[in-house]
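Here's the structure, in structure tokens; my notes come after.
The values are calculated or read from the model by the stated rules, or taken from the named source; none is laboratory data. Just so it is clear, the structure is predicted and the values come from calculations on it, not from any experiment. Note that each Cβ is placed from the backbone with ideal geometry, even for glycine, and that neighbours are counted across all protein chains shown. Ligands, DNA and RNA are excluded from the accessible area calculation, which covers all protein heavy atoms including side chains. Shrake-Rupley method; radii C 1.70, N 1.55, O 1.52, S 1.80 Å.
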Amino acid sequence: MHSALPPQLAPAVIGRPAGGPLHGRTVYDALLDNRLCALLLERLRVPGRLGGLRFCRVADSTISSGMPARPVTAEQTNSSVVYGDSYILKVFRRTAPGLNPDLELPLALARAKCGRVPAPAAWFETDPEAGEGEPVTLGVLQPYLSGSADGWQLALNALAVQADFTSSARALGHATAEVHTALAETLPTTELRRPQLDAVAAQMNERLVATARVVPALRPYCARLRTAFDDLAALGHDGRAWSAQRIHGDLHLGQTLRTADEGRWSLIDFEGEPSRPLAERRRPQPAVRDVAAMLRSFDYAARSGPSGGDPWSLEWARRTRAAYCLGYAEAGGLDPRSAPELMRAYETDKAVYEVLYEARHRPNWLPVPMAAVRRLARTHASRDAAGPDPGAGPDLDGSDGRA
């Protein structure tokens, strides 16, 4: 807050309270103030406590002083500041007591020597000794991958010129499998048996019912979509079990970066879906959930590109999805297409999530996930015993979770 804000900070103004203890002062976004960003960086360079906050730094990290701050203006769930061309600071807008996965998982991957994720250099949190309960993660400083391009834009660029994307998708499958393998080796895993699979299927059904209440267009397809969740529960009734581990939780092309020189893929933003409770986001889940979400992302790119989902774009999505699964199988030792019931359930659950998001935030985009819903409903109506082949792509119509 400030009594008289300098003119250059006018775009940062949030408001001027008409009463209360802040009456007469201007409240503004501190991350648009270069002076305050510099102070925040300095505190991250020098770990320790300050009031109700605790600043932490990885011992072998080298953080230079005086790097210029540049706020990231692109639409994001959180707020970010780039320091020079070396680091990016993510400040979380939605916080909760407990370790944020966007700090927890990259730290675990750094311990596993996995080079697919930028390792945290420093972070700050509430100080549990200054109050009660668990610390709240407030921000994380990580290396900035200067010159990298995000996978979403790369996919759209390829679609715009009708370029092949299979080699890139295959390499991205490699990167995803490497991250999953490292997480399974570093953090606890578990097995989903009948009670757990029943619970997962029930939660998916609950989301379907809740979404149908909000989006009437979904209602005619609910009965057929529900068969995907019933098939998932049936696995446990047949005595089958599936491994569950920590995963990305919100994986899509916009959460990936590829370097311009080496063409090497990295995964970013391990926070999961911020709208879901922290305990749910930290819960072990089948790795196929991330795979299904990425397959949806390729399809969404095909529907969102200049061609708007014409036959060439849909064929592009089919080949790209198959290449991604192939790359994942090569690096991870398990083809995600070998679990059709899980893939079908998680693709359907993702499409339902997309319908709700688009209805609430971008109604003009609702036809995109609804096209996926119609195709998925037809797939479930046929009850193909072999299940959907992500390579053949029975569902080429959904959203990638950029929602």
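Computed values, structure above
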quantity: Subset of the stretch 96-141 that is among the small types (Gly, Ala, Ser), assigned to a loop (DSSP other than H, G, I, E, B) and open to solvent by 20 Å² or more (accessible area, probe 1.4 Å) - its residue that is farthest from Leu251 (Cα to Cα); calculated: Gly131
quantity: Selected residue [touching a residue at least 24 places away in the same chain (Cβ under 8 Å) and open to solvent by less than 30 Å² (accessible area, probe 1.4 Å)] from Thr176, Thr77; calculated: Thr176
quantity: Enumerated helices (runs of 4 or more DSSP H) restricted to the stretch 276-333, each holding at least 1 residues that are within 15 Å of the chain's Cα centre (by Cα) and surrounded by fewer than 17 Cβ atoms within 10 Å (Cβ to Cβ); calculated: 278-281
quantity: Every residue from the stretch 73-98 that is among the β-branched types (Val, Ile, Thr), at pLDDT 90 or above and under 19 Å from Tyr28 (Cβ atoms); calculated: Val81, Val91
quantity: One residue from Gly327, Gly332, Gly309 being more than 20 Å from Leu183 (Cβ to Cβ) and not hydroxyl-bearing (Ser, Thr, Tyr); calculated: Gly309
quantity: Condition met for Arg54 (more than 28 Å from the chain's Cα centre (by Cα), of a type in the set (Lys, Arg) and either modelled with pLDDT under 95 or not in a helix (DSSP H, G or I) (or both)); calculated: no
quantity: Whichever residue in the stretch 149-166 is part of a helix (DSSP H, G or I) and of a type in the set (Gly, Ala, Ser) and, among such residues, is farthest from Arg321 (Cα to Cα); calculated: Ala160
quantity: Residue match in the stretch 27-36 (condition: out of contact with any strand residue (DSSP E or B) (no Cβ under 8 Å at 6 or more places or on another chain), loosely packed, with under 14 Cβ neighbours inside 10 Å, within 21 Å of Trp123 (Cβ to Cβ) and not aliphatic (A, V, I, L, M)); calculated: no
